[in-house]
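Accompanying notes for the structure given below.
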Amino acid sequence: QLQLVESGGGLVQPGGSLRLSCAGSGFTLDYYHIAWFRQAPGREREGVSCISSSGGSTDYADSVKGRFTITRDHAKNTVYLQMNSLKPEDTAIYYCAADRSYSKRWYEAARYDYWGQGTQVTVSS
């Protein structure tokens, strides 16, 4: 089966850091654009960041620019989201998603072919 598996979530204090991982299972991520989305209770799913198949291009939501960094390691078949200076409003379930097609509108969730199960991130004192 083709699966994406997220990990690295947890509880962290405001101002702290977490690194999320998105690993491919059963297929290679080499040719996929990978995005991170998040969804908090009562809120719409939000595109957080994306990285091109080559890793050469990245995009970020305005709300996380300067705080989050997306990277990928092809040898490990994994995409990472480094989250620094975390705020309570970052609390959400974080999902990774894969898409083989290029799009300027990377933040549109309907474009993605594969989704992980999500990992919970809670930012609280």
Limiting things to C-alpha atoms, what are the Rg and the maximum Cα-Cα separation (Dmax) for the stretch 48-125, in angstroms? 12.9, 40
To the nearest 20 Debye, how big is the dipole of the chain about its Cα centre, given +1 on the beta carbon of each Lys and Arg and -1 on that of each Asp and Glu? 120 debye
If you keep only loop residues by DSSP, which trypsin sites (Lys or Arg not before Pro) in the stretch 38-106 have at most 16 other Cβ atoms within 10 Å of their Cβ? 43, 45, 65, 67, 100, 104, 105
Antiparallel as a % of all DSSP beta bridges within the stretch 8-125, to the nearest 5? 90 percent
Mind grabbing the accessible area of residue 6 for me, 1.4 Å probe, Å², rounded to tens? 20 Å²
Which residues among the stretch 94-123 fall inside the zone where the amide N is under 11 Å from a point 7 Å beyond the Cα of residue 54, along Cα→Cβ? none
Solvent-accessible area, 1.4 Å probe, carbon plus sulfur percent, for the chain: 44 percent
Sticking with the crude label model, points 7 Å out along Cα→Cβ, report the distance from residue 77 to residue 44 in nm, one decimal please. 3.5 nm
Lone cysteines in the chain, defined as no other cysteine's Cβ under 4.7 Å from theirs: which are they? 50
Can you give me the Cα centroid spacing of the stretch 7-42 and the stretch 47-79 in angstrom? 10 Å
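The values are calculated or read from the model by the stated rules, or taken from the named source; none is laboratory data. The structure presented is a predicted model; accordingly, all values stated were derived computationally and were not measured. Neighbour counts are summed over all protein chains in view; Cβ atoms, including those assigned to glycine, are modelled from backbone coordinates with ideal geometry. Remember, those area values only see protein heavy atoms, side chains included, never the ligands or the DNA or RNA. Shrake-Rupley method; radii C 1.70, N 1.55, O 1.52, S 1.80 Å.
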